[in-house]
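Computed from the coordinates by the stated procedures, all read-outs in this text should not be read as laboratory data. Since this is a predicted model, take the numbers as computed values, not measurements. Note: ideal-geometry Cβ built from the backbone for every residue, glycine included; neighbour counts use all protein chains shown.
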Amino acid sequence: MRRRPDTELIVLARKGSAEAAEVLFDRYWAHAWRSAYAVTADRALADDAAQEAIHKAFGALHRFDETRPFGPWLKRIAVNRAIDHLRRASRLTRLDETATLHAWSVSQAAEDDLRQWAVTDAVAALGSARRMVIVLHYWLDLSVEEIAGVLGLPVGTVASRLSRALAELRMALEDQRVV
Amino acid sequence: MSSELERLLRDARKALPEPDADTTRRARIRALAAIRRRKRRMGAAALIGTALVVVLALGASLGSVTAPNVTAAQGPSGFGFVPEPGWFALQSGGPIGRGLPAVAIAANVPFARDDDVRGLAETSGLPYSTLLGLPPEGVVIVASVVSPVRPAVPFGESYPERELPLRVRDAVPYIQYGTQVRPEQPLGQYQLRALVRGYNVDLTFYFGTPSPSSAQFAEAQDQLDRLLVGSKPLTEETPATVISGGSPTLTVIDRTYSCTTVLIGGLYQVRSQAQLGQRVGSGWVNLAYAAAGTGSQAGSRTGLLDFAPASSLAWVTAGAPSETTTAGDEFQRFPVSAGGTLGVNRSLCKPSSARVALTTVRLLRRTLESGSETFDCDAPRRVLVRFRATVRASASLRERARIFLATSAPVRDAKLAVRTPTGKLLSYADVTESGEARLFTARTCVSD
């Protein structure tokens, strides 16, 4: 079962195969959670958003076109849920003042890579508006147009935020001699 | 410098943490619960279907109760009847075959069980059992065509070239090979042959009486007007039902369609959904939205579609969109600027003159948790969908993405209702430009 492609697993899961659904879950859960975490920078919010996303996605498998890739679809649902949670928690504006390095935790493996640590901290230190576009673009691979759609912003605004965020990151990382 | 920074940024995603074990365990339980819930629903539906078959096999005379379930044509893809209200239609599977005859049958009485082979016309093309029991006021129309690749009869006087809609008055009394289908109680039998768009079309009209009344001929003509041959559908030729409102800047678009539902997972279903508008600052991120859909095709590579989902039957929004405003739920959003503020799927829906009440009577109001909700309603193979929208501009529906008719004009308020051909209301939804959305569905509909 674990070697089967997504399309077969989706078809089987639709028919009620718990085994297929479990394989699909194992294949994509961490990915969905990390997407939610990248957006929220908060474990509790990421937990809620990712769980909701996986529950909704699996409940809507019959509506999914199995000829399309499953991972990006789930990721997009997780991102949307995460943004909704963030908005609900009114953090989009408050994060500007409260964002700290402690909002982010990194894996043990990453601790060996000081550059990654520094970059991650620098991203966390960005204001929420700029952090969001950086995360969506560089970590979740959304295009500028897609980010505009997700955040409800003009494409030009997203592009300028991205540019300013990169400039801010560059300054911060140059100070630390990371770049 | 910038590319180095961008590379570092992309690499930094590896530093994102993993979900903890407890969260993973809870998420797994919820995911599997969603699958099991779906399976239970499918099982219940199958049980009900099996019970119905058993009841029928036992000879229970459900008559008109079950008959509507076998009415609709199997998605007339190039050839078939779109049933008039009160009519029933069957056709052979698939589009017109190469060199193979295709058959479409319409009747103003329910088909006998022998003539309905799981929703398709019996292969002989003669609904014999239905004709044997045809009441005096009954009308049956049998149409057959042959592919233009290998026409059965060369073009000529036998098949004079005609335009749609064909006319009953051009038909002539006809007894095939001298055979009266029902000699002891003769039928009125008429034949019409025509070359339509390169197809040899044979039409036979059966009336329940040997001397049909003018009302019966008129009724047959109404149904004949809805015969599709070749690739030219009814849709755009039908005049737009655009009504001018009181204000010169307002237009009311009020349309009703007969839509084909799609079989998925053993069920024909209609999906009804509504979504509250989501605002950021003074602009809309996501418009208030209501939609009726069917079948799959819901996913996309990113979840953000280029246009409305192909599984949509019809959708309405309300509010003034910006360039980046989207519509739809989190599973399938599309940019309103590309997809349109309201629209209908022209490949699944054909204009209908049936009346669909925009009412919530006998429906349950559904709470839009998290701002949106979707309900699945078991449905027959054809449903009637009506939307009525007050648009803040002069607007009409135009072709979009090949399969839709849509407009981009901002909508002030809109209503959307779905009912079965037999009159059962399945859902009602409305949206307003303040971002409000309400959804009502039949009790039997289940949260998605």
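Overview of values
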read-out: Charge dipole magnitude, Cβ of K and R +1, D and E -1 - chain A, Cα centre, debye nearest 20; value: 420
read-out: Distance between region A:68-85 and region A:1-39 - C-alpha centres, whole angstrom; value: 13
read-out: Pairs beyond 28 Å (Cα-Cα), from A:K15/B:K415; A:K15/A:K56; A:K56/B:K14; value: A:K15/B:K415
read-out: Viscosity 1.306 mPa s, temperature 10 °C, Stokes-Einstein D of chain A from Kirkwood C-alpha radius, µm²/s; value: 91
read-out: Three-way shape label, region B:346-448, alpha-carbon gyration tensor, a/c 1.5; value: oblate
read-out: Whole-angstrom Cα spans of region B:358-416 along principal axes, big to small; value: 34, 29, 24
read-out: Region B:252-403: C-alpha gyration tensor shape, a/c 1.5 cut-off, then a/b vs b/c; value: rounded
read-out: Sorted by Cβ neighbour density within 10 Å, fewest at the top, the residues B:Y199, B:Y206; value: B:Y199, B:Y206
read-out: Angstrom value of the Kirkwood radius, inverse mean 1/r, which spans all Cα pairs in region A:1-89; value: 13.0
read-out: Phi-based couplings in Hz for region B:307-317 (Karplus 6.51, -1.76, 1.60; Gly and Pro marked x); value: 10, 4, x, 5, 7, 5, 8, 7, 8, 9, 10
read-out: For residues of A:42-55, the mean tally of beta carbons on other chains within 10 Å; value: 4
read-out: Paired Rg and Dmax values of region B:385-426, which use every Cα atom, in angstrom; value: 12.8, 35
read-out: Gaussian network model of chain A, Cα within-10 Å springs - most flexible of A:H31, A:H137, A:H62; value: A:H62
